[in-house]
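> Structure provided below as structure tokens; questions to follow.
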Amino acid sequence: MTFDVEKARAEFPILRRRVNGQPLIYLDSAASAQKPRAVIEAISGAMEHSYANVHRGLHALANETTEAYEKARENVRNLINAASASEIVFTKGTTEAINLVASSFGQSLREGDEIILSVMEHHANIVPWHFLRERKGVVLKFIPVTDAGELDLAAYRNLLGPRTRMVAVSHMSNVLGTVNPVAEIIAEAHAAGALALIDGAQAVVHGVVDVQALDADFYALSGHKLYGPTGIGALYGKAERLDQLPPYQGGGEMIGRVSLAEITYADPPHRFEAGTPPILEAIGLSAAIEWLATLDRDAVAAHEHALYDRVKSRLNGANWISEIGQAPGKAAIFSFTMEGAHAHDIAQILDRYGVAVRAGTHCAEPLLARFGLTSSARASFALYNTLEEADSFVDALEKTRTFFS
């Protein structure tokens with residue numbers, strides 16, 4: 001198969017709009033991707049024709065909606081090659097998925113137990129573990145990042161010890177685009193007797209993920225970066241790991257039986273899905289996954305890398321712009337600083353030319369501090385971007401430069 005970017009772009013209605021009189025060039029997909037028509041129609045169709053609360057209903061609408069909701073779970077299972085749909089827990093996104101594990105797994109931790117993270121983590125994979133540091137005296141250790149933007153694996157091995165209980169790292173950095181060797185990291189964690197959680201929010205979008213091949217204990221992902229809606233994501237957990245976790249929240253659906261004297265809990269995944277779930281969002285995510293399945297993912301990845309390579313080629317030799325992170329095999333994320341310019345000013349000026357980029361800390365303050373920065377700008381490429389847009393981005397950067405020279 002090949003990838004036809006113009007055919008793909010036609011599926012995204014928002015890409016037809018203009019910003020400040022210019023054609024929209026959306027380079028902020030690492031923050032949140034745009035939505036194809038299949039997702040929009042799936043959500044609106046469910047609201048118009050077949051909506052009810054899921055599970056336990058005995059009428060036609062409840063049955064239809066429950067079937068669509070559980071089909072979404074099966075589609076997530078298939079996306080990451082989990083062994084069973086019961087290993088897929090729906091959450092609000094990667095952030096809640098990580099909080100779920102930290103909160104539930106954390107109940108078994110004692111003062112002095114150790115969690116290994118990395119300096120390149122998103123705040124969503126730092127803050128929940130800090131809660132355990134504050135409340136239970138858990139010790140946090142961090143894998144350093146090299147100048148090229150790679151994890152220092154030798155240092156990682158030295159951090160592992162008899163009190164290591166969990167290793168939680170990103171599969172792909174949202175700032176650097178670095179794709180980490182998580183299979184190796186997981187194997188080392190297991191050899192030390194620890195579990196491994198992988199933040200897959202970025203990686204699942206840009207490549208094929210196989211949680212069984214990785215041997216991950218937990219894997220977290222978000223729907224809105226995967227061309228699906230906001231408010232939906234998933235936590236994969238090995239069946240034996242989920243069986244061992246206590247509930248994260250209490251309410252309807254997650255219980256087995258309730259009396260005034262005692263309660264029992266449902267089996268996973270429902271044990272971790274208290275209350276009315278994000279039904280429409282799950283249906284939208286399901287549609288996004290099915291739409292992605294019609295594409296050649298390898299061809300899409302090659303297309304995205306070509307966009308990044310075009311930008312790098314155009315900027316070759318430019319001494320007024322500095323890229324952050326240049327790890328081999330990195331994904332199509334270009335984080336940068338410009339001489340004499342603040343990232344927020346860069347983003348605002350680029351917006352005048354219709355170019356949407358992200359500016360700030362990217363929820364990764366420790367990583368930026370590692371590179372001596374307080375902010376940066378980030379252009380993140382997706383399957384719907386074109387080589388012409390990559391060129392227009394560089395042209396806009398060159399125009400932006402004149403404001404600060």
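> Can you spot a residue in the stretch 2-11 that is part of a loop (DSSP other than H, G, I, E, B), aliphatic (A, V, I, L, M) and under 17 Å from the mean Cα position of the chain (by Cα)?
No.
> If you don't mind, there's one more thing I want to ask. Is it the case that some residue within the stretch 249-257 is assigned to a loop (DSSP other than H, G, I, E, B) and either of a type in the set (A, V, I, L, M, F, W, C) or closer than 26 Å to Ser375 by Cα (or both)?
Yes, there is a match, as at least one residue in the stretch 249-257 is assigned to a loop (DSSP other than H, G, I, E, B) and either of a type in the set (A, V, I, L, M, F, W, C) or closer than 26 Å to Ser375 by Cα (or both).
> Inside the stretch 45-160, counting only helices (runs of 4 or more DSSP H) that do not spill past its ends, which hold 3 or more residues that are surrounded by 18 or more Cβ atoms within 10 Å (Cβ to Cβ)?
Here the list reads 60-80, 94-106, 127-136.
> Ok, one more. Taking the options Ala359, Ala379, name whichever one is among the small types (Gly, Ala, Ser), in contact (Cβ under 8 Å) with a residue 24 or more places away in the chain and buried (at least 18 other Cβ atoms within 10 Å of the Cβ).
Sole residue among the options that is among the small types (Gly, Ala, Ser), in contact (Cβ under 8 Å) with a residue 24 or more places away in the chain and buried (at least 18 other Cβ atoms within 10 Å of the Cβ): Ala379.
> Condition check: surrounded by 22 or more Cβ atoms within 10 Å (Cβ to Cβ), assigned to a strand (DSSP E or B) and modelled with pLDDT of 95 or more. Does Ser322 satisfy that?
no
> Okay, moving on. Could you grab me the full set of residues in the stretch 167-215 that are in a loop (DSSP other than H, G, I, E, B) and of a type in the set (Asp, Glu)?
Within the stretch 167-215, Asp210, Asp215 meet the criteria.
> Please specify each residue of the stretch 352-370 satisfying the condition of being assigned to a helix (DSSP H, G or I) and either hydrophobic (A, V, I, L, M, F, W, C) or within 25 Å of the chain's Cα centre (by Cα) (or both).
Within the stretch 352-370, Glu365, Pro366, Leu367, Leu368, Ala369, Arg370 meet the criteria.
> I'd like the residue in the stretch 278-301 that is over 14 Å from Val76 (Cβ atoms) and among the charged types (D, E, K, R) and, out of all such residues, is farthest from the chain's Cα centre (by Cα).
The selected residue is Asp296.
The values are calculated or read from the model by the stated rules, or taken from the named source; none is laboratory data. Just so you know, these numbers come straight off a predicted model, no measurement behind them. Backbone-built Cβ (ideal geometry, glycine too); neighbour counts: all protein chains shown.
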